[in-house]
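In what follows, a structure is listed as structure tokens, so that the remarks can point back to it.
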Amino acid sequence: MKLLVAIDFSDPTDLIMRVAKRMAASLDASVWVVHAAQPEPDFVGYDAGPEVVRGQVAKELRDEHRTLQDYAEQLRDAGIETKAILVQGPTVEALLEMADKQGSDLIVVGSHGRGMVAEMFMGSVSQGLIRAGRYPVTVVPVGREED
């Protein structure tokens, strides 16, 4: 079995990773830890943005990649076959594309619990993945107390 674990480095990421670790161990699954970074910003009149902005975006991506690798290493230390990848693009589409490429059987994602009004206007990654209907999705609620 192959799990795709989507993380965004927010506060619930540690909980999501603990749940994914238990799931992977009990299912004898391999794991892809994936972070979907936002695409580079568009600037009117510039293809890639001013140099200072490109440098800042590159630094942020390096930092995110390093953090992502640290999370993957925690699973590897527990004996779970794990790979990590940082992708850029609209989150739901980028995660679905990666799930397709990796032949994922299940996607694990957290829920930020923003509330109904915020979800109506901003949408939700977990809802977008569920609506796509291409993969089973396990949603880890943010307010969940761990056993």
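Going by neighbour counts of Cβ atoms within 10 Å, the residues S104, S124 line up, fewest first, as S124, S104. For T82, the residues whose modelled amide H falls within less than 5 Å of its own, excluding neighbours fewer than 5 places apart on the same chain, are V31.
Stretching E60 away from R22 to a fully extended chain increases their span by 10.7 nm, per 0.36 nm per residue minus the current alpha-carbon distance.
Read-outs throughout are calculated quantities, based only on the coordinates presented, and are distinct from any laboratory measurement. These numbers were taken from a predicted model, which means no experiment stands behind them. Ideal geometry is used to build each Cβ from the backbone, glycine not excepted, and the neighbour counts take in all protein chains shown.
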